[in-house]
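Written below as structure tokens is the structure these notes are about.
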Amino acid sequence: MISIPPVTLNDGTELAQLGLGTYNLRGPEGVDAIAAAIDSGYRLLDSAVNYENEAEVGEAVRRSGIRDELIVTTKVPGRDHGYEQTLASAAGSLERLGLDRIDLYLIHWPNPSVDRYVDTWRAMIELRERGTVRSIGVSNFTEPMLARLIDETGVTPAVNQVELHPYFPQAKLRAFHAAHGIRTESWSPLARRSELLTEPVLAEVAEAHGVTPTQVVLRWHTELGSTPIPKSAHPERQRENADVFGFTLTNDEVAAISGLERGRLWDGDPDTHEEM
Ligand SMILES: NC(=O)C1=CN([C@@H]2O[C@H](COP(=O)(O)OP(=O)(O)OC[C@H]3O[C@@H](n4cnc5c(N)ncnc54)[C@H](OP(=O)(O)O)[C@@H]3O)[C@@H](O)[C@H]2O)C=CC1
Ligand SMILES: O=C(O)C(=O)[C@@H](O)[C@H](O)C(=O)CO
């Protein structure tokens with residue numbers, strides 16, 4: 001079994017340095033895929049109300065027999081923003097998961113035109129105080145949005161999960177996270193496979209270390225201090241993706257990979273992209 005090291009969050013709890021994305025893992029095959037990842041050594045699972053797979057994640061967690069070793073993430077969708085709505089949304093997630101605690105609870109998108117993410121955050125603080133949720137964080141938040149949460153509530157998110165891959169390394173946002181003790185999580189860390197994995201620089205670095213280009217990309221994330229959450233439905237790829245803690249990249253290699261930067265790949269600017 002692969003051992004994925006932990007990292008301590010600003011609330012004193014532990015997160016894994018790499019986790020499993022579960023977007024599109026649904027139905028019995030989804031449960032099998034998530035269960036296979038846990039068997040391989042994954043301990044961090046990333047779900048969301050909008051993935052419509054909380055029941056599958058919960059089923060895989062129960063099947064594992066190691067619930068307390070697992071970090072189950074889910075996210076409040078835009079349509080549930082607001083104080084009371086978020087409390088109700090969390091209750092719904094717990095019911096679908098079939099668990100008595102959410103380990104990491106995130107605001108999925110800030111939806112600034114709705115302007116209820118601060119009230120949503122206050123409800124998440126309450127959920128943490130009740131013990132229903134262990135750690136609270138956000139996703140797709142910009143620096144001004146993070147600063148506003150901190151200023152208005154005094155509570156700094158433990159995590160900000162954002163688009164991050166070699167085409168979009170997010171150096172400025174990561175520096176803000178580092179200054180405030182916020183752990184970065186990388187969504188679509190493989191750039192959804194795209195042409196990223198055929199970039200010559202990745203082949204060169206992979207050859208130098210005797211690993212695959214995919215492993216180079218995921219190791220690059222961890223060396224930046226971010227937790228990637230690659231999704232794969234296939235056990236052999238899940239193992240390949242998790243097995244990145246036995247080699248290190250040089251500073252030059254990290255810089256060369258970051259040099260692939262070209263910007264966001266999808267229409268996901270949190271100032272304008274909103275999801276309900
Ligand atoms: N907070 C947010 O707004 C967002 C969060 N997310 C989260 O991030 C997770 C990961 O992002 P996602 O968009 O899924 O994209 P990823 O970058 O993780 O890429 C997933 C794709 O890569 C393929 N793949 C995975 N491993 C390998 C491998 N070793 N070799 C070749 N191909 C591989 C998968 O195929 P296969 O399954 O067939 O192996 C799938 O097609 C999501 O599942 C979700 O949990 C994603 C988007 C937005
Ligand atoms: O996967 C997620 O968490 C999302 O927020 C997606 O909706 C993502 O933004 C997407 O797939 C957009 O096409």
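Mind checking the per residue accessible area of the chain for me, 1.4 Å probe, whole number of Å²?
I get 41 Å² per residue for this part.
Mind listing the phi-derived Karplus ³J(HN,Hα) values for segment 13-19, rounded to whole Hz, using 6.51, -1.76 and 1.60 with θ = phi - 60°, and x for any glycine or proline?
Whole-Hz 3J(HN,Hα) from phi for segment 13-19: 8, 10, 10, 7, 6, 7, x.
Local charge sum around residue 254 (other residues, Cβ-Cβ under 10 Å, Lys/Arg +1, Asp/Glu -1)?
-2
Quick check: residue separation of residue 197 and residue 223 times 0.36 nm, minus the Cα distance between them. What number comes out in nm? Walk me through the intermediate numbers first.
Values: separation 26, 0.36 × 26 = 9.36 nm, distance 1.81 nm.
Residue separation times 0.36 nm, minus the Cα-Cα distance, leaves 7.6 nm.
Place +1 on the Cβ of every Lys and Arg and -1 on the Cβ of every Asp and Glu in the chain, take the dipole about the Cα centre, and give the residue among 154, 12, 189 whose Cα lies farthest towards its positive end.
12
Could you list which residues have their amide H under 5 Å from that of residue 183, counting only those 5 or more apart in sequence or on another chain, with H placed in the peptide plane?
Close amide H contacts, sequence-distant or interchain: 10, 159, 160.
Counting only protein heavy atoms, what percent of the accessible surface of the chain is carbon or sulfur at a 1.4 Å probe?
Using a 1.4 Å probe with all protein chains present, the chain comes out at 47 percent carbon and sulfur.
Quick check for me: using +1 on Lys/Arg Cβ and -1 on Asp/Glu Cβ, what's the dipole size of segment 91-189 about its Cα centre, in debye to the nearest 20?
160 debye
If you plug each phi of segment 217-222 into the Karplus form 6.51 cos²θ - 1.76 cosθ + 1.60 with θ = phi - 60°, what whole-Hz ³J(HN,Hα) values come out, in order, with x for Gly and Pro?
Per residue, the Karplus-derived 3J(HN,Hα) values read 4, 6, 5, 4, 4, 5 Hz.
Could you give me the ³J(HN,Hα) list for segment 83-89, computed from phi with Karplus coefficients 6.51, -1.76, 1.60 and θ = phi - 60°, whole Hz, x at Gly and Pro?
4, 5, 4, 5, 4, 5, 5
Add +1 for every Lys or Arg and -1 for every Asp or Glu among the other residues with Cβ under 12 Å from the Cβ of residue 109, and state the total.
So the environment of residue 109 carries a net charge of -3.
Which of rounded, prolate or oblate describes the chain when judged by the alpha-carbon gyration tensor and an a/c cut-off of 1.5?
oblate
The values are calculated or read from the model by the stated rules, or taken from the named source; none is laboratory data. Keep in mind that this is a model prediction, so the values were computed, not measured. Neighbour counts run over all protein chains shown; Cβ positions are idealised from the backbone, glycine included. For the accessible areas, the whole protein counts, side chains as well, though only heavy atoms, and no ligand, DNA or RNA atoms are used. Shrake-Rupley method; radii C 1.70, N 1.55, O 1.52, S 1.80 Å.
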